[in-house]
Structure formats: C-alpha cells, structure tokens
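Working notes, beginning with the structure itself.
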Amino acid sequence: MLTKTLLKEIPADCAAEIKALFGERFSISPPILDHHGRDESPYPLLAPQAVVFANTTEEVAALVKICDRFEVPIIPFGAGTSLEGHILPIHGGIALDLNNMNRVIAIHPEDMMVTVEPAVRRKQLNAELKDTGYFFPVDPGADASIGGMCATRASGTNAVRYGTMRENVLALTVVTASGEIIRTGTQAKKSSAGYDLTRLFVGSEGTLGIITEITLKIYPQPEEIAAAICSFSSVTEAVNAVIEVIQMGIPVARVELVDELAIAAINQHSKLSLKPSPTLFFEFIGSPHSVQEQAQHAQEIVKTHGGQDFEWAIHPEDRARLWHARHNAYFACLQLQAGCRIINTDVCVPISKLAQCIDETRKDLDGSWIKAPILGHVGDGNYHVLLVIDPDKPEDFQEAERLNAAIVQRALRLGGTCTGEHGVGMHKIDFLVDEHGAAAIDVMRTIKQALDPKNILNPGKMIRV
C-alpha cells in the first residue's frame, strides 16, 4: 500500500556532523525510529533513517543547514496524531522531533495573546491559561501539538464560533529550508505590511518551513455555558435543523452531528447510554440571559425538524463528560472492528449544500460492506465519514478509497473542499488539481520550489515536485 520512493540515504559525513552537534539526541535506535514512522493514518509503518531531538529554534536552524548541504530530507514530528500520513518519511531522511520544545513562552492577557513553542499540546496550553481567565478555543479531536495544528490548519468543535487555526494565529517563527530564522508578523492584531507570510506557512504541512514559535489569539472564558444533546429519526432531519439554526443567526458555540453507528461506538467506549440514533451535540455560551435565550430559540427550531429527547448538561462535569465522549469518537469507532484502521474523509461544503451532500453520501455507504459512521462539525459544513477497514484486506482499502473519492468529488461539485481541517498530507494530494485547477497547482509548485529548491522539507506531501 505504501513504500519509500527515491530513498535518500544519510551520508556518513552528514550523520557525523549531526551527531557532533546533538550527541545522544541523534538516534538510530530501531524502537525510536519505529515510533517516528507511525501516525493515526491507515498507512503502515515507515521509519525514518534517524531521529534528532531539538531543544531550540537555533538548533533546528543548525540541523536544517546541515541537511540543506547534504540534501537530506527533514520531516517535523510533534504529537504524531496526523490522519493523513504527514509525518511519514516516504523519501527517507531525518525525523525532527520537536517535543522538547514545549514551553509556553509568554502570556499577554491584556493583549489577549500567547506565544508558545510548537510541541505545546492544546490541553497543556489551556491548563496554563486557566487562572488568567482566558482560553484557546481550537480543539481537534486529538490532544494535538500547537505546531501540528498550525501546520495542518486544523480546527475542531469550536470552529463555528471561533474559527480555525487560520483565524487564530497572529505570527510565527519559522526556520526556512536554508536554515534562516524568520518572523512572519508582529503582536499587532492587524497589519497591511508586505505579503502575509503567516497565512502562507499556516497549513503548509512542514513543506515550506519548520514552525518553532507560534503567537495565538486567546479569548475570555465564557461567563455561562450550557450544553445539550437531542436525537432525531434521521441524519437528514438533524442536518436540516442545524442549517436553520445557523441561518437564523443563533450564535452557537458548538454543534456536532454523530450518527447512530458512532453513538453505539461512543456508548461502548465512554460507558454512556445515549439513545442510538442520529444525535446533535450543542453548546451555548455568553451571559446567563443570552445563553437561555439562545438555547430556547435553538430548541424551538430543532423540534420543528423532529428533534426529541433533549438532555441538558449545565454542570461542568456533565458537559465535560459529553464533550469528552465526542472528542473520543474516532477512537471509539476503532473498536467497531478488531484490528481495524480508519480512512477518514474530511470534506467541507457550503452549509446550504450539507443536507444534500450527506444524503447522497449515505446512499453510497448503504451499497457498501464497509462500516462507516458519520461525525461532523456541521455548523460550518464539515463532516467526516470514518471508513473502517481491515488493513490486511486490500479489497477493504480499495473500497474505502472508492468511497472516499466519490465523497470528495461530490463535495467539489457542490462548491466544497476535499479537506476542511485534516490537511492534504499524502492521502488527498491527488484531489488538489480537481479542486484548484492545474494553473493554481503550478503557482503552489512555484512557491515550493522557491522556498525549498532542494525539496528537503517533508517531501512528497501537499504537492508533488
């Protein structure tokens, strides 16, 4: 299913220079190599030829300069939670482990911003922000690293209210392919000075530069929070309810769809007893009065679309239990079949097209033997089909890829994208021409070749050179 191609060996002189610089933080130990050759994608193990553990931006720059001279690929590695094979070294080379760079550098509550190193995890960041009265809202399902979230332009359940990483990154420190250290912005909330390098590197998946510091927006912790779940007899009813809630301008903080198959998996994994039917998870934030008003209005709309069995979670521990279960839905679905892997779709469409897109997708899934629960950040038109496969059965992989391609092409026809938040990696690289057109891909390739002329930064991801 996946093999290394155009393998570039690490020359002995290159390895010696790196060893002299990093000492025991340069490793060729097989267990360490194997650890850096796996992520959450369905692809098999692909170990790098060496692993380097960097402690500072300056060390990253020094390593890149050596690899630039010897034309050795570098693959940044953080939490290893990629779903698209981002960290797999398909051309060989060195995995650059950034996990020692895990400091919250500076918190500026008065300016509502924080600067962190790339290996800071999202839960770690919010734990350190807790006593300031602020929080960072972007919350992918995994406890991902902030650097990885930047690199993939990630989002999560809060995106409908707070946006994605694209909207929440103010500035970056980046090491370029030649080993130069650049800063892409300032602490100002807006700027018209020069090209927007921050947006160029956010979502570049380690192919244009290595992110070593991130300055983020932070937000006041809500005064009041209320969560609710409600069930429906069909996914179509649930989706139509969400569409009307959003179009009516109700400022929901989160609204998530979980279908009946995923609910069954969540019940088993999280020891819950939710009704096994298509379900919406809501969250409302604000003042006590505004939360009550939002929730009441949303409930009235949802009932007109067949919503029933409303269950409210006011207490923090009850809300945490519900959202913990939703965040763990991916891992819950891995228990649907022993030894399985998941190919995870990630299309996003205009919200007016969401019901049609999911309806037609369900018809495709009904004609297949593949188990395929559906989850979604449906407030912004993004949903996931979790295609459960046996990795030892090529026919499962082929069927899942057929379904994935059909789902992507449908989304593109409806004005959507092949990936709303997981990134391209290797898995979605073939859909970029269909989405953007050949001329736009040529522009992307020109940018890649200008910034990384030797193609040493995470080669084989995002775009083929």
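The values are calculated or read from the model by the stated rules, or taken from the named source; none is laboratory data. For clarity, every value in this text was computed on a predicted model and none was experimentally measured. Backbone-built Cβ (ideal geometry, glycine too); neighbour counts: all protein chains shown.
Checking the structure you have, find out if any residue of segment 36-46 is touching a residue at least 24 places away in the same chain (Cβ under 8 Å), out of contact with any helix residue (DSSP H, G or I) (no Cβ under 6 Å at 6 or more places or on another chain), assigned to a helix (DSSP H, G or I) and farther than 14 Å from Gly93 by Cα. Spell out how you get there, then give the answer.
First, the residues of segment 36-46 that are touching a residue at least 24 places away in the same chain (Cβ under 8 Å): 36-44, 46.
With out of contact with any helix residue (DSSP H, G or I) (no Cβ under 6 Å at 6 or more places or on another chain) added as a condition, the list becomes 36-44, 46.
The next check asks that each one be assigned to a helix (DSSP H, G or I); those that pass are none.
Within segment 36-46, none of the residues are touching a residue at least 24 places away in the same chain (Cβ under 8 Å), out of contact with any helix residue (DSSP H, G or I) (no Cβ under 6 Å at 6 or more places or on another chain), assigned to a helix (DSSP H, G or I) and farther than 14 Å from Gly93 by Cα.
For Lys8, state whether it is basic (Lys, Arg), at pLDDT 95 or above and either touching a strand residue (DSSP E or B) at 6+ places or on another chain (Cβ under 9 Å) or in a loop (DSSP other than H, G, I, E, B) (or both). Even if it seems obvious, please write down each step before you answer.
Numbers: basic (Lys, Arg): yes; at pLDDT 95 or above: no; either touching a strand residue (DSSP E or B) at 6+ places or on another chain (Cβ under 9 Å) or in a loop (DSSP other than H, G, I, E, B) (or both): yes.
Here the answer is no, as Lys8 does not meet what is asked.
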- Tell me, which strands (runs of 3 or more DSSP E) wholly within segment 61-134 include 1 or more residues that are touching a Pro at 6+ places or on another chain (Cβ under 6 Å)? 74-77, 94-97
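Based on what the data block shows, is Asp396 surrounded by 21 or more Cβ atoms within 10 Å (Cβ to Cβ), farther than 22 Å from Thr236 by Cα, acidic (Asp, Glu) and in contact (Cβ under 8 Å) with a residue 12 or more places away in the chain? Working first, answer last.
Working: surrounded by 21 or more Cβ atoms within 10 Å (Cβ to Cβ): yes; farther than 22 Å from Thr236 by Cα: yes; acidic (Asp, Glu): yes; in contact (Cβ under 8 Å) with a residue 12 or more places away in the chain: yes.
Considered against the rule, which asks whether it is surrounded by 21 or more Cβ atoms within 10 Å (Cβ to Cβ), farther than 22 Å from Thr236 by Cα, acidic (Asp, Glu) and in contact (Cβ under 8 Å) with a residue 12 or more places away in the chain, Asp396 comes out as yes.
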- Number of the condition not met by Thr152 [criteria: (1) of a type in the set (S, T, N, Q); (2) within 23 Å of Val60 (Cβ to Cβ); (3) surrounded by fewer than 24 Cβ atoms within 10 Å (Cβ to Cβ); (4) touching a His at 6+ places or on another chain (Cβ under 9 Å)]: (3)
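Yes/no matrix, rows are residues, columns are (1) without any contact (Cβ under 8 Å) to a residue 24 or more places away in the chain; (2) closer than 30 Å to His384 by Cβ; (3) of a type in the set (S, T, N, Q):
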| position | (1), (2), (3) |
| --- | --- |
| Thr56 | no, no, yes |
| Ala61 | no, no, no |
| Phe70 | no, no, no |
| Phe77 | no, yes, no |
| Glu84 | no, yes, no |
| Pro118 | no, yes, no |
| Asp131 | yes, no, no |
| Val138 | no, yes, no |
- Test: residue in segment 270-293 that is surrounded by fewer than 17 Cβ atoms within 10 Å (Cβ to Cβ), within 21 Å of Phe232 (Cβ to Cβ) and of a type in the set (A, V, I, L, M): yes
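Taking the options His305, His297, name whichever one is in contact (Cβ under 8 Å) with a residue 12 or more places away in the chain, crowded, with 19+ Cβ neighbours inside 10 Å and over 30 Å from the mean Cα position of the chain (by Cα). Walk me through it before giving the result.
Working: His297 fails: crowded, with 19+ Cβ neighbours inside 10 Å.
Just a single option satisfies the conditions, and that option is His305.
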- Query: From the set of residues in segment 328-346 that are crowded, with 18+ Cβ neighbours inside 10 Å and closer than 19 Å to Asn158 by Cβ, which is nearest to the chain's Cα centre (by Cα)?
  - Reply: Asp346
- For segment 165-179, does any single residue satisfy the condition of being surrounded by fewer than 16 Cβ atoms within 10 Å (Cβ to Cβ) and in contact with a Phe, Trp or Tyr (Cβ under 6 Å, 6 or more places away or on another chain)? no
- Restricted to segment 361-393, and to residues that are part of a helix (DSSP H, G or I) and touching a strand residue (DSSP E or B) at 6+ places or on another chain (Cβ under 8 Å), which residue is surrounded by the most Cβ atoms within 10 Å (Cβ to Cβ)? Val378
- Answer yes or no as to whether Ala405 is aliphatic (A, V, I, L, M), out of contact with any Phe, Trp or Tyr (no Cβ under 9 Å at 6 or more places or on another chain) and surrounded by fewer than 21 Cβ atoms within 10 Å (Cβ to Cβ). no
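Show me the strands (runs of 3 or more DSSP E) found entirely inside segment 179-271 where at least 1 residues are β-branched (Val, Ile, Thr) and under 18 Å from Ala313 (Cβ atoms). Lay out the reasoning, then the answer.
Numbers: elements: 181-183, 210-217, 224-231, 254-258.
Strands (runs of 3 or more DSSP E) meeting the threshold: 224-231, 254-258.
Suppose the filter is surrounded by 15 or more Cβ atoms within 10 Å (Cβ to Cβ), closer than 26 Å to Met426 by Cβ and among the acidic types (Asp, Glu); does Glu213 pass it? Talk me through it step by step, then tell me what you get.
On the way: surrounded by 15 or more Cβ atoms within 10 Å (Cβ to Cβ): yes; closer than 26 Å to Met426 by Cβ: no; among the acidic types (Asp, Glu): yes.
In short, no.
Can you tell me how many residues in segment 339-353 are outside any strand (DSSP E or B) and either among the polar types (S, T, N, Q) or within 21 Å of Ala241 (Cα to Cα) (or both)? Please lay out each step first, then the result.
First, pick out the residues of segment 339-353 that are outside any strand (DSSP E or B): 339-340, 345, 347, 349-353.
Adding the requirement that they be either among the polar types (S, T, N, Q) or within 21 Å of Ala241 (Cα to Cα) (or both) leaves 345, 347, 349-353.
So the answer is 7.
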- Within segment 347-364, tally of residues that are more than 19 Å from Val388 (Cα to Cα) and either among the aromatic types (Phe, Trp, Tyr) or under 22 Å from the mean Cα position of the chain (by Cα) (or both): 6
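In this structure, is Ile407 in a helix (DSSP H, G or I), in contact with a helix residue (DSSP H, G or I) (Cβ under 9 Å, 6 or more places away or on another chain) and closer than 28 Å to Ile211 by Cα?
Working: in a helix (DSSP H, G or I): yes; in contact with a helix residue (DSSP H, G or I) (Cβ under 9 Å, 6 or more places away or on another chain): yes; closer than 28 Å to Ile211 by Cα: no.
In short, no.
Listed residues Val465, Val424; which is in a loop (DSSP other than H, G, I, E, B) and under 19 Å from the mean Cα position of the chain (by Cα)?
Details: Val465 fails: under 19 Å from the mean Cα position of the chain (by Cα).
None of the other options fit; the residue is Val424.
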